[in-house]
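Enquirer: Below you'll find the structure I mean.
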Amino acid sequence: MKNAIAVLASLLLACSALAQDTATPDALVKNVTLEVVEIISKDKEIKAGSRSKLIQLIEEKVLPHFNFASMAALAMGQNWNKANSEQKKAVTEEFKTLLVRTYASALSAYSEQKFEFRPLRAKPTDTDVTVQVRVLQPGTQPVPIDYSMEKTAAGWKVYDVMVGGVSLVVNYRTEFSNSVRNTGIDGLIRELQGKNKSLEAGGAKK
Amino acid sequence: MRRGLALGLALLAAGCASANGDPRDPFEGMNRGVYRFNETLDEFVARPVARTYRELLHNEIRMRVRNFFSNLADPFIGVNNMLQGKFADGASDWARFAFNSTLGLLGVHDVASDMGYDKHNEDFGQTFGRWGVGFGPYLVLPLFGPSSVRDGTGTAVDWYTDPLGLVDSNRVRYTLVGVRLTQQRADLLDASQLLEEAALDRYVFLRDAYFQRRRSLIYDGRPPREDVNDTPDKPVN
């Protein structure tokens, strides 16, 4: 009897864990967005302009839902296959840092805009979907934000963000390929490191 | 302003080929020159003025200014929608102008949006694009920034049909144009800050963003998917 209960209990646990992982991608985007915005509008340190606190928040709440290896691979295009595993890791890591900083800047400009979450148009069997959000600002056209998401073993992950029709990943492609052509993959890694260092230095001033 | 355009075209005629070979940007050398000129102008004039404007005027007032100019643009946004065969959108733009100019007190209140007439983003460059005209070579225009032969031509027509051109007094007209530019630059302050932080090479980043953005606008936010390496074509939406 006790065994049966234990089995049942663990089954329940497994189910709830499963439910978390397979939560619909649009619900995931909505929950994370609203949670982050709520924290930003309440947290005193962030409101006072603390960049490190903001980055910490992003790392905690947002990062787990991004697949940075996918993003780096898409941004590098064909050069990705020419990189060895260490280089792949380094590019992914530096690209992640850069995107988090950029994201922090975008969020720090946030001021009470409202969001409209579009219903997801996808079949339950789809493993690659676009979740559409619109940022509403009085007096201007709404800004569309589209999250491209893929289903992985660890749940739904974002692999590209499109703002106003501009794909973040695609936008880095020319820069990355120029950099690789001129200085090789290690050159690209150095360039990303340099960029992140200068942002860190600049961020400390603010 | 038109003299700026003429200057740009003259520079184009002088044309200088570039080394780093993006096929969309055969005049990269010249474009980078104009880009640097714009950056300098922006750093020392446009950005400081826009910042001051944003600091001095409350958000509420800036919104009224934005609405006022936005309303003046709606009739020709409607014309462009009509020219693109989007008659319902065009009619909606004209309805916006009618309601906002009257009930909205010369446009400062955007009552039409509340009534369900959505604001659209159209210009002659988009109309040419919709008609099937390609971008043509990339061009950085003095003052206006990223453009192309097609969109630059569109911008010239936009300026020719600008309702502010109807204002007789030079002084009033230039003032209005100045306020509108300031307002537009102020709205972009956060975005340009972001660009500065995100880009490795700002010129290249801006150029790519321009092509993506315009392509998206021409298809009203629903462009057919581009062949992204190995990803098979998938329907959008």
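The values are calculated or read from the model by the stated rules, or taken from the named source; none is laboratory data. Since the model is a prediction, treat every value here as computed from it, not as a measurement. Ideal geometry is used to build each Cβ from the backbone, glycine not excepted, and the neighbour counts take in all protein chains shown.
Enquirer: Among the residues that make up the stretch B:51-67, is at least one of them in a loop (DSSP other than H, G, I, E, B) and either modelled with pLDDT of 95 or more or surrounded by fewer than 18 Cβ atoms within 10 Å (Cβ to Cβ) (or both)?
Expert: yes
Enquirer: Can you name the condition, by its number, that residue A:107 falls short on among (1) more than 24 Å from residue B:113 (Cα to Cα); (2) crowded, with 16+ Cβ neighbours inside 10 Å; (3) facing chain B (nearest Cβ under 10 Å)?
Expert: Here residue A:107 meets the rest and fails (3).
Enquirer: Quick one: in the stretch A:158-202, of everything that is aromatic (Phe, Trp, Tyr) and in a helix (DSSP H, G or I), which residue is farthest from residue A:141 (Cα to Cα)?
Expert: Per the stated criteria, the residue is A:176.
Enquirer: Here is a further query. Of the residues B:92, B:101, which is buried (at least 16 other Cβ atoms within 10 Å of the Cβ), free of Cβ contacts under 8 Å to residues at least 60 places away in the same chain and either farther than 25 Å from residue B:167 by Cα or not small (Gly, Ala, Ser) (or both)?
Expert: Matching residue, one of B:92, B:101: B:92.
Enquirer: Just give me the residues in the stretch A:72-117 being under 20 Å from the mean Cα position of the chain (by Cα), closer than 21 Å to residue A:35 by Cβ and in contact (Cβ under 8 Å) with a residue 40 or more places away in the chain, in sequence order.
Expert: Within the stretch A:72-117, A:99, A:100, A:101, A:103, A:104, A:107, A:108, A:110, A:115, A:117 meet the criteria.
Enquirer: What tally of residues in the stretch A:64-104 results from selecting those that are outside any helix (DSSP H, G or I) and surrounded by fewer than 20 Cβ atoms within 10 Å (Cβ to Cβ)?
Expert: 4
Enquirer: Quick check on residue B:76: is it of a type outside the set (Val, Ile, Thr), closer than 26 Å to residue B:156 by Cα, crowded, with 17+ Cβ neighbours inside 10 Å and out of contact with any strand residue (DSSP E or B) (no Cβ under 8 Å at 6 or more places or on another chain)?
Expert: yes
Enquirer: Conditions first: (1) buried (at least 18 other Cβ atoms within 10 Å of the Cβ); (2) basic (Lys, Arg); (3) more than 10 Å from every other protein chain (Cβ to nearest Cβ). Residue A:173 passes all but one, so which condition is the exception?
Expert: (3)
Enquirer: Out of the stretch B:96-141, which residues are in a helix (DSSP H, G or I) and β-branched (Val, Ile, Thr)?
Expert: Passing the criteria: B:102, B:111, B:127.
Enquirer: How many residues are at the interface with chain B (Cβ under 10 Å from one of its Cβ atoms) and either touching a Cys at 6+ places or on another chain (Cβ under 6 Å) or buried (at least 20 other Cβ atoms within 10 Å of the Cβ) (or both) if we restrict to the stretch A:176-190?
Expert: Total satisfying the criteria: 3.
Enquirer: State whether the residues of the stretch A:130-143 include one that is under 16 Å from the mean Cα position of the chain (by Cα) and more than 9 Å from chain B (Cβ to nearest Cβ).
Expert: yes
Enquirer: Next up: If residue A:160 meets every condition in (1) of a type in the set (D, E, K, R); (2) surrounded by fewer than 17 Cβ atoms within 10 Å (Cβ to Cβ); (3) within 12 Å of chain B (Cβ to nearest Cβ); (4) under 24 Å from residue A:34 (Cα atoms) apart from one, which number is that one?
Expert: Of (1) of a type in the set (D, E, K, R); (2) surrounded by fewer than 17 Cβ atoms within 10 Å (Cβ to Cβ); (3) within 12 Å of chain B (Cβ to nearest Cβ); (4) under 24 Å from residue A:34 (Cα atoms), only one is false for residue A:160: (2).
Enquirer: While we're on this one: Please work out which residue is nearest to residue A:75 (Cα to Cα), limiting yourself to the stretch B:174-203 and to residues that are away from chain A (no Cβ under 12 Å) and without any contact (Cβ under 8 Å) to a residue 12 or more places away in the chain.
Expert: Once the filter is applied, the top-ranked residue is B:178.
Enquirer: Regarding residue A:119, is this residue part of a loop (DSSP other than H, G, I, E, B), within 13 Å of chain B (Cβ to nearest Cβ) and surrounded by fewer than 18 Cβ atoms within 10 Å (Cβ to Cβ)?
Expert: yes
Enquirer: Right, something else. Which of the numbered conditions does residue A:149 fail, given that it passes all the others? Conditions: (1) assigned to a strand (DSSP E or B); (2) within 15 Å of the chain's Cα centre (by Cα); (3) at the interface with chain B (Cβ under 7 Å from one of its Cβ atoms).
Expert: (3)
Enquirer: Given the criteria within 14 Å of chain A (Cβ to nearest Cβ) and not acidic (Asp, Glu), does residue B:171 qualify?
Expert: no
Enquirer: Within the stretch B:44-72, track down each residue that is over 17 Å from residue B:111 (Cβ atoms) and free of Cβ contacts under 8 Å to residues at least 60 places away in the same chain.
Expert: B:44, B:45, B:48, B:52, B:55, B:56, B:57, B:58, B:59, B:61 - these are the residues of the stretch B:44-72 that are over 17 Å from residue B:111 (Cβ atoms) and free of Cβ contacts under 8 Å to residues at least 60 places away in the same chain.
Enquirer: When only residues in the stretch A:33-44 that are surrounded by 15 or more Cβ atoms within 10 Å (Cβ to Cβ) and closer than 14 Å to residue A:116 by Cα count, which is farthest from the chain's Cα centre (by Cα)?
Expert: By that ranking, first place goes to A:37.
Enquirer: Might you let me know whether the stretch B:142-149 holds any residue that is part of a helix (DSSP H, G or I) and either in contact with a Leu (Cβ under 8 Å, 6 or more places away or on another chain) or away from every other protein chain (no Cβ under 14 Å) (or both)?
Expert: Yes: the stretch B:142-149 contains one or more residues that are part of a helix (DSSP H, G or I) and either in contact with a Leu (Cβ under 8 Å, 6 or more places away or on another chain) or away from every other protein chain (no Cβ under 14 Å) (or both).
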